[in-house]
Amino acid sequence: MTRSPQFVGAACASLSVVFFSINDVLIKFLSDGYALHQVVLLRSVIGLLVIALLILPFAGGLSALLTKRLGMHVLRGLCVVTANMTFFLGLAAMELATAVAIFFVSPLVITVFSVIFLGETVGPRRWGAIIVGFAGVLIILRPGSDAFQLASLLPLVAAVAYAGIHMITRKIGGTESAATMAVYIQLTFIAVCVLIGLLVGDGRFGEQADPSLRFLLRAWEWPVVADYWIFAVLGFGVGVAGFLISQAYRVAEAAFVAPFEYLAMPLAVLWGYVVFAEVPDRLTLVGAALILGAGLFSLWRETRVADVPAAPRTRR
């Protein structure tokens, strides 16, 4: 039975979120012992091996690496690196659920970007949902109050970079396979992390009071044997998740796929409580609920409009 592009996009996005949520937990767990660029480098090397062994053989082999749009792949890879690195730096200083909730302005930005850059149409009801979602972000950030912290801006930077990733994915998805995009992402990660390691990997700037800066500038250390399994899970997860999310945005409209990524919010609350004994405060939960509600409403409107043949691209 042939599956619709919407079904494939939704399934791929949902599975990728599960893998990415586990990735967030493990990187936050490692943030007290290793440098960020070292963790990401090892993760990407393993992830590249996973793609080469488990995905490329079913996606045309090495021929999947041939591309005439290398510049777009590099630009997309740099957006991915920016999104990941800034988000992970935020995790070092923030509760997991709070960082994820702030980051989830990204699907709202994706929807706005899909109008600006892809020419997709969004109706007034979905614009209303976007406004509600941004209100939720402000409640979590609490700018001007004692609860506000600079680290909370890092997930916001990640959110904008993440929106850029998927605009590029939609632009090149018609000619580039998900496997090709996944490979070039990992190659970009490796190149950037090696460069950072060469510049600051000796730890000469590692004595920082701020946990995010300490995570970024800490000296490289050889992983202890007990942590090998963590790096293996990180590499496997990012390899598979990178392929799945690329496939989701390649086959379905960005504004349709984005709300499925909100699954990460309840997962973040669960992981934060179980692994780190973190309990979000009331305002954070209220803000997160507004963001989640806006995303679910957006998804509901998308599915309703999809059933109306006369206006399949309008989302109200």
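The values are calculated or read from the model by the stated rules, or taken from the named source; none is laboratory data. None of the values given here were measured: they were computed from a predicted structure. Cβ coordinates were reconstructed from backbone atoms using ideal geometry, including for glycine residues, and neighbour counts include every protein chain displayed. What goes into the accessible areas is simple: the full protein's heavy atoms, side chains included, and nothing from ligands, DNA or RNA. Shrake-Rupley method; radii C 1.70, N 1.55, O 1.52, S 1.80 Å.
In table form, for the structure just shown:
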quantity	calculated
Tally of residues being under 17 Å from Ala129 (Cα atoms) and either modelled with pLDDT under 60 or out of contact with any Pro (no Cβ under 6 Å at 6 or more places or on another chain) (or both) across the range 266-312	17
Among (1) under 18 Å from the mean Cα position of the chain (by Cα); (2) modelled with pLDDT under 85 - the single one Ser145 does not satisfy	(1)
Selected residue [in contact with a Phe, Trp or Tyr (Cβ under 9 Å, 6 or more places away or on another chain), open to solvent by less than 50 Å² (accessible area, probe 1.4 Å) and over 30 Å from Ile172 (Cβ atoms)] from Leu96, Leu91, Leu108	Leu96
Subset of the range 243-264 (residues that are more than 25 Å from Ala288 (Cα to Cα), under 13 Å from the mean Cα position of the chain (by Cα) and not hydrophobic (A, V, I, L, M, F, W, C))	Ser246
Some residue of the range 115-135 being touching an Asp or Glu at 6+ places or on another chain (Cβ under 9 Å) and outside any loop (DSSP other than H, G, I, E, B)	yes
The range 104-120 residues that are more than 17 Å from Cys79 (Cβ to Cβ) and at pLDDT 80 or above, paired with ones that are of a type in the set (Ser, Thr, Tyr) and surrounded by fewer than 21 Cβ atoms within 10 Å (Cβ to Cβ) (beta carbon under 8 Å, 6 or more apart)	Val115/Thr121
Tally of residues being surrounded by fewer than 19 Cβ atoms within 10 Å (Cβ to Cβ) and in a helix (DSSP H, G or I) across the range 203-229	7
Residue list for the range 66-122, restricted to those being more than 17 Å from Ala163 (Cβ to Cβ) and in contact with a His (Cβ under 8 Å, 6 or more places away or on another chain)	Thr67
Test: Ser145 is touching a Gly at 6+ places or on another chain (Cβ under 9 Å) and either part of a loop (DSSP other than H, G, I, E, B) or hydroxyl-bearing (Ser, Thr, Tyr) (or both)	no
Boolean, Ile22 is within 22 Å of Ser177 (Cα to Cα) and open to solvent by 40 Å² or more (accessible area, probe 1.4 Å)	no
Meets criteria (farther than 29 Å from Leu285 by Cα, among the hydroxyl-bearing types (Ser, Thr, Tyr) and part of a helix (DSSP H, G or I)) for Ser44	yes
Residues within the range 165-202 that are open to solvent by 20 Å² or more (accessible area, probe 1.4 Å), small (Gly, Ala, Ser) and either assigned to a loop (DSSP other than H, G, I, E, B) or modelled with pLDDT under 90 (or both), tallied	2
Number of the condition not met by Ala191 [criteria: (1) without any contact (Cβ under 8 Å) to a residue 60 or more places away in the chain; (2) among the small types (Gly, Ala, Ser); (3) under 28 Å from Thr98 (Cβ atoms)]	(3)
